[in-house]
Amino acid sequence: MLLISSVDEKHFIMALITQIRKRTGLIISLIALGVLGFILMDIQGNQSIAGGAGGHVGSIDGNKISINEFQSVKESLYGNSGGEDFSRNGYVWDYFVEKIIIGQLAEKIGLGVSREEMKDLAFGENLSPIIQQKFMDPNTRRIDRNQLGEIKKAIEGNSLPDEGRRNWAQVEKEIYKERLQEKFNNLITKSIYTPNWLAEVTNKERNETVDITFVKVPYETVPDSEVKLTDADYEKYLKENKGNYFQNEETRRISYVIFDVVPSAKDSAEAKQKISGIIEKYNKVNNDSLFVNANNGQMVGQFVSKDKLEGVLKDTAFDLAKGGIFGPYIEQGAFMAFKILDRKILADSVRSRHILIQGKSASDLAQANKTIDSLKILVETGRARFDTLATKFGQDATKEKGGDLGYVAPNAMVKEFNDLIFEKADQGKIYKVTTQFGVHLVEVTGKKFVKNEPYIKFSIFREAIIPSEETNNAAEDKANNFLTTNRSVEQMIAATKGSKDIEVLRSVPLKANEYNLGVLGAESASYSIIKWAFTSDAKLGEVSPVLYQTKNKQDFFTDKLIIAGLSGIIPAGMPKLEYIKEDIKPQVIFAKKAEVIKSRFGGKDLNSVATAINGKIDTAKAINFASNFIAGVGNEPKVLAAAFKLQTNAISAPIGGSSAAFIISPIGKSSAGTSADILTVKNGIRDQMKAQIAPKIMDSLKKEVKIKDNRYDFFN
């Protein structure tokens, strides 16, 4: 009997490997990646993992990854598209780590992926998640089979250009790696066994309930002045919670100051003047589209209901007549103005039917148009029924229903189709429309008007309020002056003491290749600061000579200037008290206050405690042991355990929780009874365990290999 939740992960994996070897007698061999060229393609044109010049970004279990190989994979995955490089570097690094680990493990236990399996994963009926992700049309949520077919044809004809060959080779490697990982995870999940006793215990935990009365004693009822902390208190807390603080690698702390670059009143006035000038001109033009495009505005060409809008637009637009202009007004850091282009009462829903002739290329669309024109004549002259032609000629699933699309709400269809059936089409008439899917013959067969709500089309202008060069220079001068005069973390703290404008912020312990720094979030500046903190140039207690900047993500101006210093180096292992004393201080204070509350209220009844703290007695009903949350209490495991352990009407000693201390008394319990379907419970436990396998197994495997990550030496 194997119960995965109670087995050490490392020993479990090694035991599994041994059993597979004994039972299968497989010849150990991992097909070289060259076999992935299953459609006559040589994917070994790429560099080997250990090859290439220019240094190594790291190594996994002795396998060095060159910077050239790393960049080649990143280029294949992302090309020249925009995006934050630091997050992409993280994804590529994880890809290499998992690829090497799972590849070595697969070799040991005889796992592989056959040529036929690879064909099916890339082009067949059981497409790999990698293919589904890369070739799914974001608008239709369908796989672009045409594009896949063209790639397959080019591979078979050996006509892919060199760049295409390299990119497809990387896709194949991703497919191979993902499939190996899936097979290994399946080996683990299929070995999960849930014994009857576990299902019975779980059923009891889920269905046995208890009602409690309780008094919540906030820690604030004990003044801080009554709590005197000693190093022994800190050490005791660390010993009791060491699992929360042990770390596998060195971390560092950063202290930093942020200077916000805020637009001046003059900057705001200039933005308002620009948008006011646009409004003045807009009142005199006849062609909305030309004017809007020439002045960087936006035409909202679909009719929109009020519930789809936000802010001032939602509150104001529907009070304006067609042609009305509103603005300027301030919203989300910009001056805004809009004009109502059209108003209309649209049906709440429309029923339609269509005949779709698919086509993407110009020649396909031309032929589709001819076919639709012929079908349109047949319907309009009465020589054929619409539904009969849809069944015979339609090229989507609706042909089985005579082309019927049922009732849909506004904007549920692609724009061209939606505009036709809601805005232009009369019921019973036949129309033709072209969309991304091909050419449609369309008939509206029903309209429902229930709410009779107005819809609008509008144009909108936005002029961002951004800092001028003068404003930016003034902010930089202020920050540079601070940087010049405060060259240590200690000096930064002293310089900001008592200031209402700036403060020194302190990060949590950070790892070398992280890119999320406190309130700055995941930023290129965050990554650069953290990278600096791990270089040899960074000395403990000193401030970086660089003035770091962040950009406003919508309008791309400098919005923050950051000065950062290295305030802590925490070696791997269990940290010394001095390294994390300030971090754990709130928790240690709570633990100390819990002791005071225990000594003060131990042995007292709930009424006495409630009166003493000017509080109240609350009730929580139908609590079960599987709960993570108790109404009025929160997530407090110690309270939950005591509720089931105590006898009815007994009163607990004060229980120190994470947010307060609690005194509880069970007032009623109900038994779980006997489950009518223990198999359902067993299956539920198994499925829950399966969902947790994949991430936990990989995390466990990573701990068993030596990983050296040097990315911070290569990327800014």
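Filtered by the rule that a residue be assigned to a loop (DSSP other than H, G, I, E, B), of a type in the set (A, V, I, L, M, F, W, C), closer than 13 Å to Ile562 by Cα and at pLDDT below 95, the range 489-531 gives a lone residue, Ile502. Report every pair of residues separated by at least 6 positions or lying on different chains whose Cβ atoms are under 9 Å apart, first residue within the range 101-129 and under 30 Å from Lys708 (Cα atoms) and touching a residue at least 24 places away in the same chain (Cβ under 8 Å), second loosely packed, with under 14 Cβ neighbours inside 10 Å and among the polar types (S, T, N, Q). Listed pairs, sorted by first residue: Glu107/Ser29; Ile109/Thr24; Gly110/Thr24; Gly110/Ser29; Gly112/Ser29.
Within the bounds of the range 468-485, is there any residue that is surrounded by 14 or more Cβ atoms within 10 Å (Cβ to Cβ), assigned to a loop (DSSP other than H, G, I, E, B) and not hydroxyl-bearing (Ser, Thr, Tyr)? Within the range 468-485, not a single residue is surrounded by 14 or more Cβ atoms within 10 Å (Cβ to Cβ), assigned to a loop (DSSP other than H, G, I, E, B) and not hydroxyl-bearing (Ser, Thr, Tyr).
Apart from one condition, Lys306 fits all of (1) modelled with pLDDT of 95 or more; (2) basic (Lys, Arg); (3) surrounded by 12 or more Cβ atoms within 10 Å (Cβ to Cβ); the exception is (1). For the range 308-347, name all the residues that are farther than 17 Å from Lys274 by Cβ and of a type in the set (D, E, K, R). Hits for the range 308-347 are Lys308, Glu310, Lys314, Asp315, Asp319, Lys322, Asp342, Arg343, Lys344. On the given criteria, is Thr398 surrounded by 15 or more Cβ atoms within 10 Å (Cβ to Cβ) and out of contact with any strand residue (DSSP E or B) (no Cβ under 8 Å at 6 or more places or on another chain)? Against the criterion (surrounded by 15 or more Cβ atoms within 10 Å (Cβ to Cβ) and out of contact with any strand residue (DSSP E or B) (no Cβ under 8 Å at 6 or more places or on another chain)), Thr398 does not qualify.
Figure legend. Inter-residue proximity from the range 208-237: first residues within 30 Å of Ala626 (Cβ to Cβ), second residues among the charged types (D, E, K, R) and crowded, with 18+ Cβ neighbours inside 10 Å, beta-carbon distance below 7 Å, spacing 6+ or different chains. Indicated pairs: Tyr219/Lys593.
State whether one or more residues within the range 604-626 are closer than 30 Å to Val262 by Cβ and either outside the structural domain of Ser488 (by TED's automatic domain parsing) or modelled with pLDDT of 95 or more (or both). Checking the range 604-626: not a single residue is closer than 30 Å to Val262 by Cβ and either outside the structural domain of Ser488 (by TED's automatic domain parsing) or modelled with pLDDT of 95 or more (or both). Restricting the range 385-430 to residues that are of a type in the set (Phe, Trp, Tyr) and part of a helix (DSSP H, G or I), the residue that is nearest to the chain's Cα centre (by Cα) is Phe417. Within the range 315-335, being in contact with an Asp or Glu (Cβ under 8 Å, 6 or more places away or on another chain) and either part of a loop (DSSP other than H, G, I, E, B) or surrounded by fewer than 13 Cβ atoms within 10 Å (Cβ to Cβ) (or both) holds for Lys322, Gly333. Exactly one residue among Lys448, Lys424, Lys360 is basic (Lys, Arg), closer than 29 Å to Val300 by Cα, surrounded by fewer than 17 Cβ atoms within 10 Å (Cβ to Cβ) and touching a helix residue (DSSP H, G or I) at 6+ places or on another chain (Cβ under 9 Å), and that residue is Lys360.
Of the helices (runs of 4 or more DSSP H) lying entirely inside the range 97-183, those carrying at least 2 residues that are among the polar types (S, T, N, Q) are 129-134, 145-156. Within the range 243-295, the set of residues being closer than 30 Å to Lys511 by Cβ and touching an Asp or Glu at 6+ places or on another chain (Cβ under 6 Å) comprises Val261 only. Considering every residue within the range 310-331, establish whether at least one is touching a residue at least 40 places away in the same chain (Cβ under 8 Å) and of a type in the set (Lys, Arg). Checking the range 310-331: not a single residue is touching a residue at least 40 places away in the same chain (Cβ under 8 Å) and of a type in the set (Lys, Arg). When Val543, Val508, Val504, Val596 are checked against the criterion of being β-branched (Val, Ile, Thr), within 30 Å of the chain's Cα centre (by Cα) and over 22 Å from Val262 (Cα atoms), Val508 stands alone in meeting it. Here Ser352 qualifies as under 18 Å from Asn418 (Cα atoms) and in contact with a Leu (Cβ under 6 Å, 6 or more places away or on another chain).
Among the residues of the range 632-652, is any touching a strand residue (DSSP E or B) at 6+ places or on another chain (Cβ under 8 Å), closer than 25 Å to Tyr237 by Cβ and at pLDDT below 90? Checking the range 632-652: not a single residue is touching a strand residue (DSSP E or B) at 6+ places or on another chain (Cβ under 8 Å), closer than 25 Å to Tyr237 by Cβ and at pLDDT below 90. Of the residues making up the range 174-185, not a single one is more than 26 Å from Val92 (Cβ to Cβ), among the hydroxyl-bearing types (Ser, Thr, Tyr) and either out of contact with any strand residue (DSSP E or B) (no Cβ under 7 Å at 6 or more places or on another chain) or surrounded by fewer than 19 Cβ atoms within 10 Å (Cβ to Cβ) (or both). Could you please find all residues in the range 602-628 being of a type in the set (Val, Ile, Thr) and closer than 14 Å to Thr221 by Cα? Correct list: Val609, Thr611, Ile613.
The set of residues from the range 593-623 being in a strand (DSSP E or B) and either buried (at least 17 other Cβ atoms within 10 Å of the Cβ) or aromatic (Phe, Trp, Tyr) (or both) comprises Asp618, Ala620, Ile623.
The set of residues in the range 483-526 that are of a type in the set (Asp, Glu) and under 21 Å from Phe556 (Cα atoms) contains only Glu523.
Apart from one condition, Lys272 fits all of (1) farther than 30 Å from Asn710 by Cα; (2) over 29 Å from the mean Cα position of the chain (by Cα); (3) loosely packed, with under 15 Cβ neighbours inside 10 Å; the exception is (3).
Of the candidates Lys429, Lys415, the single residue that is more than 30 Å from Phe335 (Cβ to Cβ) and in the same structural domain as Thr381 (by TED's automatic domain parsing) is Lys429. Summed over the range 394-440, residues that are in contact (Cβ under 8 Å) with a residue 60 or more places away in the chain, under 14 Å from Arg351 (Cα atoms) and in contact with a His (Cβ under 6 Å, 6 or more places away or on another chain) total 0. Residue count for the range 216-250 satisfying the condition of being within 30 Å of Val705 (Cα to Cα) and out of contact with any Phe, Trp or Tyr (no Cβ under 9 Å at 6 or more places or on another chain): 11.
Of everything listed in (1) surrounded by 13 or more Cβ atoms within 10 Å (Cβ to Cβ); (2) within 29 Å of the chain's Cα centre (by Cα), the single unmet condition for Asn628 is (1).
Assuming Lys497 fulfils every condition listed in (1) of a type in the set (Lys, Arg); (2) crowded, with 16+ Cβ neighbours inside 10 Å; (3) without any contact (Cβ under 8 Å) to a residue 12 or more places away in the chain apart from one, which condition is it? Tallying (1) of a type in the set (Lys, Arg); (2) crowded, with 16+ Cβ neighbours inside 10 Å; (3) without any contact (Cβ under 8 Å) to a residue 12 or more places away in the chain, Lys497 fails exactly one: (2). When the range 593-610 is filtered for residues that are farther than 19 Å from Ser658 by Cα and small (Gly, Ala, Ser), the ones remaining, listed by number, are Gly603, Ser608, Ala610. Of all residues in the range 628-657, those that are in the same structural domain as Lys592 (by TED's automatic domain parsing) and in contact (Cβ under 8 Å) with a residue 24 or more places away in the chain have Cβ atoms under 6 Å from Cβ atoms of residues that are acidic (Asp, Glu) and not in a loop (DSSP other than H, G, I, E, B), 6 or more apart or on another chain, in Gly632/Asp618.
The values are calculated or read from the model by the stated rules, or taken from the named source; none is laboratory data. Not measured: the values here are computed from a predicted model. Counting neighbours? That spans all protein chains shown, and the Cβs are built from the backbone with ideal geometry, glycine included.
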